[in-house]
Each structure stands twice: as structure tokens, then as C-alpha cells.
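The structure appears below as C-alpha cells.
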Amino acid sequence: MILLGVNIDHGATLRQARYREAPASAGAAVEPDPVALAILAEQAGADGITVHLREDRRHIQDHDVVRVRQTVATRVNLEMACTPAMTEYALRLRPDSVCLVPENRQEVTTEGGLDLVGNRDRVAAVVRAMDAAGITTSLFIDPDAPQIALAAELGAPWIELHTGAYANAYYTPRRAAEFERLRRGAVQAHGLGLVVNAGHGINYINIAEVRTLPHLHELNIGHSILSRALFTGIAEAVREMKARMNPA
Ligand code: PXP
């Protein structure tokens, strides 16, 4: 069984588009509440909930993370930049796992995996600190042999293979080569004793192929699930608003 971690960041993106100024005390009252989405996702079978607290707080807010930690009954995976501030934050929050990702203020979403070669000492320090606190560290990396080898050397128990390049190449001639990169990466990582997760750009079409990658432990999926939920829910949402506009 491949596990599913549902990333709820884009629920918060939608909320921030209208309620950026809402006070933290408004909590669950402003729509859509990402924490309510997390609970529904769990009830539907999600094996864990992922949130990315970005430095610029563009979607998930600090109060969301606190409420996620308090309410999620499965596992909380905190995606974070590899910085001292986020390390302290994670040690206070105590998620079940952290996933170290690169962060660049200009990017629309996480682009490219974390460069372990260029950030070796910083990553090693976070892995050690999390390990001492009983928090599992996952490293979000491109499926490249030197990055995977270094992940194992740094003692991280998990990696998350970045599937973004594959997803972007899906409708191009490069798809087979990108899939092969992921396949080789998964085999290498498993051989080194790493738990192999994957994520970014996985959707209802490419999942048919992604799921055939060897040694997959967990997939972290956000955008496609939130997007699909708009369609599976819009009819009821329109009916309810019309009923409230014109109560019988
Ligand atoms: N995994 C990581 C490390 C990510 O940064 C993201 C994007 O926030 C995801 C998984 C989920 O990607 P998507 O929203 O495209 O499913």
C-alpha cells in the first residue's frame, strides 16, 4: 500500500486570496479553513497531512500549523526551509516529520529539489537536531545520484523524490526519460536504506504511472486533490447558496 499525504497549502492559498487581513483569532471562521480540509481528508483516508510554512507566509499561517498539530489524528508533516528559525519552530511544534525544501521568494511554488551538495552542513545540522527530538527528516531532492547518495550519508531516514520535472514533461517526448530518472533514483535510495517518498505535480492522470515506481512509501499530493475537490463540490455549493438567498 502506498500511503497518501495530503498537502492542504492550496486551501490556504484560496483563503488568503480573500481574507489576507483576517486576524488569527478568526481561525476556522473564514473560508476555506485548511484545517477543516485536513480533517475531511483524514476522514476520507489520508494517511497524513502536509503543510508548508513558508517564510513569506503566503498561504499557510502560523495559527494554521498550530491547529493542524492539535487536530490532525494521523501524521503531521511540516515542509520547511533549512534555516535556524524554522528548525527552532519545528522543535517547538513537534511534527511527526519535517521535509526540508528549498525556498525562494520569487517562485510560485517549490521549484527544484533541495541542493544537498551546496547545503551539506546546514542539512546535516537539521537532521541531527530532528533526530535527537524524535522527528523524522525527509529531504526533498531531485532524482540525481549524487543528491541521493548524500542524503544517505547525512543520515536522513527519508527522501522525497521531486516529481515536478516528470510532471512537467508528461505531455512531451521527455516523459520516459524523466520517469526513468525517478525509477533509478528510487532503486538507488532503497538500496541505501532510505525510505522513498515522492511528490509535486502528481495528478489523477499521471498517478497511473507514478504508482508503478519501485519502493514507494508515501506520495504527497496537494494541487490536484484540491482542484478536483472544486469540481466534486461545486454543485452542492451553488445549491446551498441559492437556498440561503431564497429561504423557503
Ligand atoms: N511535496 C513537496 C515537497 C512540495 O513542495 C509540494 C508542493 O507544495 C508537494 C509535495 C505537493 O505538490 P502538488 O501541490 O503539486 O501536489
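Brief remarks follow.
- Extending 7 Å from the Cα toward the beta-carbon at both residue 96 and residue 211 defines two label points whose distance is 2.1 nm.
- Taking amide H as placed 1.01 Å from N in the peptide plane, the amide H of residue 75 sits under 5 Å from that of 48, 49, each at least 5 places away or on another chain.
- Annotation: amide H-H contacts under 5 Å for residue 54 (H modelled 1.01 Å from N, sequence separation of 5 or more, or interchain): 59, 60.
- Approximating the spin labels as points 7 Å out from Cα along Cα→Cβ, the residue 187-to-residue 70 distance works out to 4.9 nm.
- For the range 52-142, the square roots of the Cα gyration tensor eigenvalues, ordered a ≥ b ≥ c, give a/c of at least 1.5 with a/b no greater than b/c, which places it in the oblate category.
- The H on the amide N of residue 114, modeled in the peptide plane, is under 5 Å from the matching H of 140, 141, 142, each at least 5 residues off or on a different chain.
- Charge dipole magnitude, Cβ of K and R +1, D and E -1 - the chain, Cα centre, debye nearest 20: 440
- From phi via Karplus (6.51, -1.76, 1.60), per-residue ³J(HN,Hα) for the range 63-75 in Hz, x at Gly/Pro: 5, 5, 5, 4, 5, 4, 4, 6, 10, 5, 9, 8, 10
- Helix content alone sets the calculated 222 nm mean residue ellipticity of the chain: runs of n ≥ 4 DSSP H residues at -39500 (n - 2.57) each, divided across all residues, give -13500 deg cm²/dmol.
- Packing-based ranking of 72-78, 84-90 yields 72-78, 84-90, ordered from highest to lowest mean Cβ neighbour count within 10 Å.
- FRET efficiency for residue 171 and residue 20, using Cβ-Cβ distance with R0 set to 25 Å, rounded to 0.05: 0.15
- The stretch between residue 180 and residue 246, if pulled fully straight at 0.36 nm per residue, gains 18.1 nm over its current Cα-Cα span.
- The Cα atoms of the range 170-248 define a convex hull whose projected area, averaged across directions, is 7.1 nm².
- Treating each Cα of the chain as one equal point scatterer and applying the Debye formula with no solvent, the log10 of I(q)/I(0) at q = 0.10, 0.13 Å⁻¹ comes out as -0.48, -0.81.
FYI, it's all coordinate maths here, none of it is from the lab. Here the structure is a predicted model, which means the values were calculated and not measured. With ideal geometry, Cβ positions are generated from the backbone for all residues, glycine too; neighbour counts draw on all protein chains shown.
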